[in-house]
Amino acid sequence: MNIKKLNTIEIKNSIENREIKAQEIAEYYLKRAISLQEKTNAFITLDEENILKQAKDIDNQVEKGFKGKLTGVPIAIKDNICTKGLRTTCASKILSNFVPPYDATVIENLKKEGAIIFGKTNMDEFAMGSSNETSYFGPVKNPWDMERIPGGSSGGSAVAVSAILAPASLGSDTGGSIRQPASLCGVVGMKPTYGRISRYGLIAFGSSLDQIGPFARSIEDCALILEVISKYDPRDSTSINLKTPEYLKNLNEDIRGLKIGVPKEYFIDGVEEDIIKGINDAVEILKKLGAEIREISLPHTKYGIAVYYLIATAEASSNLARYDGVKYGFRAENVKDLKEMYIKTKKEGFGEEVKRRIMLGTFSLASGYYDAYYKKASKVRTLIKNDFVNAFEKVDVILCPTSPTTAFKIGEKTNDPIQMYLSDIFTINVNLAGIPAISVPCGFDKKGLPIGMQIIGNYFEEQVILNASYAYEKAVGGFKFSPFQEE
Amino acid sequence: MEFEAVIGLEVHAQLLTKSKIFCGCSTQFGSTPNSQTCPVCLGMPGVLPVLNRKVVDFAIMLGLATNSTINKNSYFARKNYFYPDLPKGYQISQYELPICSNGHLIIKTKDGEKKIGITRIHMEEDAGKLIHEGTYSLVDLNRTGTPLLEIVSEPDMRSPEEAVAYLKELRQILLYLGICDGNMEEGSFRCDANVSVRKKGDNKLGIKTELKNINSFRFIQRALEYEIERQIDIIESGNTIIQETRLFDSSKGITIPMRSKEEAHDYRYFPEPDLMPVFIDDAHIENIKNFLPELPYQKILRFREQYGLPEYDIDILTNEKEVADFYEKCLSLYNNPKALSNFFMTELLKELNERKCKIGDTKLNAENIVEIFKLLDEQKLNYNGAKALLPKIIDTGKSPSILLEEMGLMQISDTSTLESVIIEVLKSNKKELKEYLSGKDKLFAFFVGQVMKKTGGKANPKILQELLKEKLAKISIDDVDNL
C-alpha cells in the first residue's frame, strides 16, 4: 500500500477495514516527519511516544468496533492550538515551556472522530508574520524551493501537508495565515466564517479575526476535516449555534449557473504577471464548467491593510498582556522588583515583530489616539464588510489571487515590515468581514512555484466555496504533489 | 469663609452568584488559595470567557431598585493594566455602554429627604489577591472572576453623614434584593470616594482626590471628615489641592497619598471581542420586575400605613429584611403590632445582638414568639417570665409552654397562695409596714418586690397588687405587732 498517496478517507477506511493499522500509518508519517525535519523545520514538537500511543489506542478501539470520520488519520496541529499535555509554544520563547492542561475544542472534536494529534507545527511567533521567519524556532522552508519561505503564519502546517509529512493539518487565519501559505506551498487551505469553528484553546492574536481551518491535499479532505471541527461550542461566546454541516456528503462538482465575481481592485500593479495569468486560466476553466463570470467592485479594498494593522494589533496588545512571567511560561531571571520582572520578561521573551505589533496596538488604543485609530478603523471595517455584503447580492462567490506574489526568498522582506504586510493584501479583508474563503492551487509561475486562487463566499456558505473548488479540482485532474514526494 | 464638600461614591458590590462571572468556578469566600480556579479564570492561553446570565439579572434587579434606565444593549470592554492579581493583564468590565444608567436613591438627612443620583451601574470581574511575604509575594486567584457591580454616584453628597446615609441605603437595597451579602470586612461591599471642597455658593467643582481602601461606615465617615478638613486647610493657606489617589490609614485616622506611579494609568479600554453585546428584551425586564422583592423604602411606607407604628419602630424593624419578615410572620399569627414591636426592639433584637447572630442562625420560629404573647394574655406567664424564657427559646427552639413547665416559670395567679406569701412578707417586715401605715405610700412597691422575690418573680403582678392593696387596707397600725 502506498501510504503517501492515501487521502484521509482512504486512510480511515483502510484502518476501519483492518487493511492497515493506525500504528503503521503513524509510523510512516513519523519517519518522514523526523527524517525531513532538518530540511523543512516544519515541526516544533514531535512527540513520537505520544503519537504511537494514540495510534495504538485507536487500533485497540477499532478492534472493539470503533468508527469515526478520521479514524487513525494523523493531523498536524499549528502550535498555537492548545493540546493537553503536549507543549504549545506559539513559536515564542515566552511560551517555550508551556504545556496546556486542556485541549482546544477542535482537538477534542478531532479526537472524538479518531484522529491522531500528530505533532505541533512551526509558525510565525504568535501568528504574526507572513513568511514563518519570526518563529523563535527558526524559519520553515518551502518544499518547492528550499531557499524560499513557505508563507505564514501557518507555514509549518502548510509544509507538513505539502511535503507529505502528514495527510492534513490545522492552521489559524487572522489575516491570511492559512490561505497565503497554502497558496505558496501548493496545497488547499481554508478559513471558515468567523464563528463557524470554536476558538476555545486557540491562543489569541486578533480575537475578532482569528479562525481555525484545515490544510489538505484535496477538496474532499478539506471538506471532511472542516466538517469535523465545525461544531457549536458553548465555551466560545462568538461560536454560532448552527447545525453541524455535512460538507463531504454535499460536495457537488456541478457549478452550472454559479455566479462568480471577479473584483477589479484585486488585479492591480504589484501583482505578479504569472499570477494574473494563472487566475485568468482558472476563470476560463470555471466558465467552461458553466459558471457565469462577472466583474465586481469592492471599493474599500485599499483600506484593508491599514484597518487590519490597527485592529489586529490593538487586540493583540491586550491578548498578549497575560504573558508576564507570573503564572506560566518564560520568566526573566535576576530582577529586583515586579516592574523589572515585567519589563525583562517581555523584552527577552517576545521577538521583534511581536514587540512591534504590541507597540502599534498599544498606540492605537491609547487615550487621545483611540478615536483617530482604533475607533475609526472599526468604522472603516464596517465599510469593507458592506462591500462584500453588496457584492454577494450579485454573485455567489468571489474569485481573486490569494497572494500578490509566489514564495519569496528567505530574508528578502524581513527588513521591510510594510512590504511584508502587503503579502496579505488580498486575504486580510476577508477576516475583517468575517466571511469564509479558500486558497486552491491553480498552476505555477515561470520559476515553478505554486500559485493559489482565492475563492471567497458569503457568511456560512463554506459549501458553495467547496463545491466551486471541487469542480475546479476535478476539471484539472487534482493538485500536483510537491517535489518532496520523491524524498 | 464657609466651605462645602462635594462627594461622589464608587461602590463595588460582590454578587451572590454561585459561580464566577465568566467561568464555572465557585465564588465561595475563604477557601484554600487557588483551589477555586480553572484555565479560564487563571487567564491561560487560548481560553475564552462565557457570561454568567445570573449576573445580568442581578444588575437589572439593582437597576430597577435604583430607578435606573436599563440599557437594552450594553457591551463589555477590556480595561488594560498590569498587576500580578490580574491574570489576563486586563479586567473585563463595561465602559462606554453600561447595563444601567441615570438612577437615583433617596436618603434621609437632617434636613429631610434628599435625592442622590446614580450615574451608572456596570458589571465587571473582580481581581485576585496578593499576599506579601518578606522578599516575595504570593498570588491567590480564588477571587479572580467573582462578579461585581460597580455603582457610581453623582457628586451629590455634601457631608460625610450624607455619604454614609447613601452607602447604608444602597447596602440595604442590595441585601433586600439578596444579590450581595454586604460584608464590608470581607470586601463584598467596598467603597471609593471622590471628594472636593468649594466655597459655599460656588457652582464650579474643586479639585478632587480619590479615597481608596475604606472598609467600614465608621472609617468612611472619619476618612471623609479628615480629607475635607485637610483640603480646606490647604485652600485657606493659599495652596492648591493635588489631584491624586489617597489611602485611609485607619490606625492613624488620616489619609495619605498613594505612590503616584501606580495611578498613572491609561487603561486603553476597547470593546471585549470575546463576548457578544449584552441584549436584554423588554419581556425579560418585565419578568424581573414582577419578581422583585419589596424594597426598603416601599416596606417603610407600608409599615407606616398598615401598622401605624412610630417612625422609630419602623426604622428598626425594616433595617434588615429578615427581621421585618419575621415581624410580619409573628404579626400574621398575633395581631398586635405595637406589643410585638416593643418586644422585638427591647428583647428579641437585644438577644440577637448579644449573640451576634441572625434569626436564621437560631432555632427561633414565629409560633414560639406568638405563644409567649398568648401565655402573657392568659396570665400564665408574666413579662419577667417572658424575658427569662426568650434565651431558651432562641437556643433550643422548644415551645414556651414546655419551657414554662421545665423552668417552673408558670405565673402564680392563685389567690390563696399569693395571700399566704403576702402575709409572710408583711410579718417579716414589720418596720416597713408600720411606716407604710403611717403614710409612707411609696413602700407599696417594696412589698410587691418582696413578694416577687419570694415567688421567684412568678407572681401575677395584677392579682398581687389587688390582694396586697386589699390586705393592707384591712390592717391598722396597732395590729402590726400581733401579726
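The values are calculated or read from the model by the stated rules, or taken from the named source; none is laboratory data. As the structure is a prediction and not an experimental result, all values here were calculated from the model. Glycine also receives a Cβ, built like all others from the backbone with ideal geometry; neighbour counts cover every protein chain displayed. Heavy atoms of the whole protein, side chains included, go into the accessibility calculation; ligands, DNA and RNA do not. Shrake-Rupley method; radii C 1.70, N 1.55, O 1.52, S 1.80 Å.
Mind checking whether some residue in the stretch B:75-88 is closer than 23 Å to B:Ala193 by Cα, touching a Ser or Thr at 6+ places or on another chain (Cβ under 6 Å), of a type in the set (Lys, Arg) and surrounded by fewer than 22 Cβ atoms within 10 Å (Cβ to Cβ)? Yes, the stretch B:75-88 has at least one match.
Looking at A:Gly270, A:Gly257, which one is touching a residue at least 40 places away in the same chain (Cβ under 8 Å) and part of a loop (DSSP other than H, G, I, E, B)?
Working: A:Gly257 fails: touching a residue at least 40 places away in the same chain (Cβ under 8 Å).
The match here is A:Gly270.
Considering only residues that are within 11 Å of chain A (Cβ to nearest Cβ) and open to solvent by less than 40 Å² (accessible area, probe 1.4 Å), look in the stretch B:42-55 and name the one that is nearest to the chain's Cα centre (by Cα). If we take residues in the stretch B:42-55 being within 11 Å of chain A (Cβ to nearest Cβ) and open to solvent by less than 40 Å² (accessible area, probe 1.4 Å), then B:Leu51 is nearest to the chain's Cα centre (by Cα).
Anything in the stretch B:261-314 that is hydroxyl-bearing (Ser, Thr, Tyr) and either open to solvent by less than 50 Å² (accessible area, probe 1.4 Å) or more than 14 Å from chain A (Cβ to nearest Cβ) (or both)? List them, or say none.
Going residue by residue through the stretch B:261-314, those that are hydroxyl-bearing (Ser, Thr, Tyr) are B:267, B:269, B:297, B:307, B:312.
Once the filter is applied, which keeps residues that are hydroxyl-bearing (Ser, Thr, Tyr) and either open to solvent by less than 50 Å² (accessible area, probe 1.4 Å) or more than 14 Å from chain A (Cβ to nearest Cβ) (or both), the stretch B:261-314 yields B:Tyr269, B:Tyr297, B:Tyr307, B:Tyr312.
The residue that is surrounded by the fewest Cβ atoms within 10 Å (Cβ to Cβ), counting only those in the stretch B:159-191 that are in contact with a Cys (Cβ under 7 Å, 6 or more places away or on another chain) and part of a helix (DSSP H, G or I), is B:Leu167. When the stretch B:1-36 is filtered for residues that are surrounded by fewer than 16 Cβ atoms within 10 Å (Cβ to Cβ) and either of a type in the set (Ser, Thr, Tyr) or within 25 Å of the chain's Cα centre (by Cα) (or both), the ones remaining, listed by number, are B:Lys18, B:Ser26, B:Gln28, B:Phe29, B:Gly30, B:Ser31, B:Thr32, B:Ser35. For the stretch B:250-292, the candidate set comprises residues that are more than 30 Å from A:Gly195 (Cα to Cα) and in contact with a Leu (Cβ under 9 Å, 6 or more places away or on another chain); within that set, the residue that is modelled with the lowest pLDDT is B:Met258.
For the stretch A:300-328, filtered to residues that are at the interface with another protein chain (Cβ under 8 Å from one of its Cβ atoms) and open to solvent by 20 Å² or more (accessible area, probe 1.4 Å), the residue that is farthest from the chain's Cα centre (by Cα) is A:Val326.
Looking at A:Asp145, is it open to solvent by 10 Å² or more (accessible area, probe 1.4 Å), within 14 Å of chain B (Cβ to nearest Cβ) and touching a residue at least 24 places away in the same chain (Cβ under 8 Å)? Outline the logic, then answer.
Details: open to solvent by 10 Å² or more (accessible area, probe 1.4 Å): yes; within 14 Å of chain B (Cβ to nearest Cβ): no; touching a residue at least 24 places away in the same chain (Cβ under 8 Å): yes.
Judged against the criteria, A:Asp145 is not a match.
Is it the case that some residue within the stretch A:138-145 is among the β-branched types (Val, Ile, Thr), more than 18 Å from the chain's Cα centre (by Cα) and modelled with pLDDT of 95 or more? Within the stretch A:138-145 (the criterion being among the β-branched types (Val, Ile, Thr), more than 18 Å from the chain's Cα centre (by Cα) and modelled with pLDDT of 95 or more), the answer is no, since none of the residues qualifies. With respect to the conditions (1) part of a strand (DSSP E or B); (2) open to solvent by less than 10 Å² (accessible area, probe 1.4 Å); (3) of a type outside the set (A, V, I, L, M, F, W, C), A:Gly361 falls short on a single one, namely (1).
The residues of the stretch A:86-104 that are within 12 Å of another protein chain (Cβ to nearest Cβ) and either open to solvent by less than 10 Å² (accessible area, probe 1.4 Å) or closer than 21 Å to A:Ser162 by Cβ (or both), listed by number, are A:Thr88, A:Thr89, A:Cys90, A:Ser92, A:Ile94, A:Leu95, A:Phe98, A:Pro100, A:Ala104. Within the option set A:Ser208, A:Ser198, being closer than 17 Å to B:Leu48 by Cβ, within 14 Å of chain B (Cβ to nearest Cβ) and either open to solvent by 10 Å² or more (accessible area, probe 1.4 Å) or among the charged types (D, E, K, R) (or both) holds for one residue only, A:Ser208. Candidates A:Asp337, A:Asp371: the one that is within 30 Å of A:Ile305 (Cβ to Cβ), exposed (fewer than 15 other Cβ atoms within 10 Å of the Cβ) and without any contact (Cβ under 8 Å) to a residue 60 or more places away in the chain is A:Asp371. Of the candidates A:Pro150, A:Pro167, A:Pro181, A:Pro192, the single residue that is in contact with a Cys (Cβ under 8 Å, 6 or more places away or on another chain), crowded, with 24+ Cβ neighbours inside 10 Å and on the phi < 0 side of the Ramachandran plot is A:Pro150.
Screening B:Leu418, B:Leu409, B:Leu390 for residues that are farther than 24 Å from B:Phe344 by Cα and open to solvent by less than 30 Å² (accessible area, probe 1.4 Å) leaves exactly one candidate, B:Leu418. Is it true that some residue in the stretch A:241-264 is open to solvent by 50 Å² or more (accessible area, probe 1.4 Å), within 14 Å of chain B (Cβ to nearest Cβ) and out of contact with any Gly (no Cβ under 8 Å at 6 or more places or on another chain)? There is at least one residue in the stretch A:241-264 that is open to solvent by 50 Å² or more (accessible area, probe 1.4 Å), within 14 Å of chain B (Cβ to nearest Cβ) and out of contact with any Gly (no Cβ under 8 Å at 6 or more places or on another chain). Against the list (1) within 13 Å of chain B (Cβ to nearest Cβ); (2) in contact with a Gly (Cβ under 6 Å, 6 or more places away or on another chain); (3) in a strand (DSSP E or B), the condition A:Ala76 fails is (1).
Within the stretch A:56-65, does at least one residue satisfy the condition of being more than 24 Å from A:Ser135 (Cβ to Cβ) and buried (at least 24 other Cβ atoms within 10 Å of the Cβ)? Yes.
If I go through the stretch A:108-128 residue by residue, how many of them are open to solvent by less than 10 Å² (accessible area, probe 1.4 Å) and either among the charged types (D, E, K, R) or in a loop (DSSP other than H, G, I, E, B) (or both)? Don't jump to the end; show me each part of the working.
Here is the first cut: in the stretch A:108-128, the ones open to solvent by less than 10 Å² (accessible area, probe 1.4 Å) are A:109-110, A:114-128.
Those still in the list that are either among the charged types (D, E, K, R) or in a loop (DSSP other than H, G, I, E, B) (or both) too: A:114-115, A:120, A:122-125, A:128.
Total satisfying the criteria: 8.
Taking (1) buried (at least 17 other Cβ atoms within 10 Å of the Cβ); (2) within 27 Å of the chain's Cα centre (by Cα); (3) closer than 17 Å to B:Thr144 by Cβ; (4) not β-branched (Val, Ile, Thr) in turn, B:Pro39 satisfies each apart from (2). Taking the criterion of being within 14 Å of another protein chain (Cβ to nearest Cβ) and either free of Cβ contacts under 8 Å to residues at least 40 places away in the same chain or of a type in the set (Asp, Glu) (or both), the residues of the stretch B:78-96 that qualify are B:Phe82, B:Asp85, B:Tyr90, B:Gln91, B:Glu96.
Residues in the stretch A:278-296 that are touching a residue at least 40 places away in the same chain (Cβ under 8 Å) and more than 16 Å from A:Val397 (Cβ to Cβ): A:Gly278, A:Asp281, A:Lys288. For B:Gly117, the requirement of being without any contact (Cβ under 8 Å) to a residue 40 or more places away in the chain and either open to solvent by less than 50 Å² (accessible area, probe 1.4 Å) or out of contact with any strand residue (DSSP E or B) (no Cβ under 7 Å at 6 or more places or on another chain) (or both) is met.
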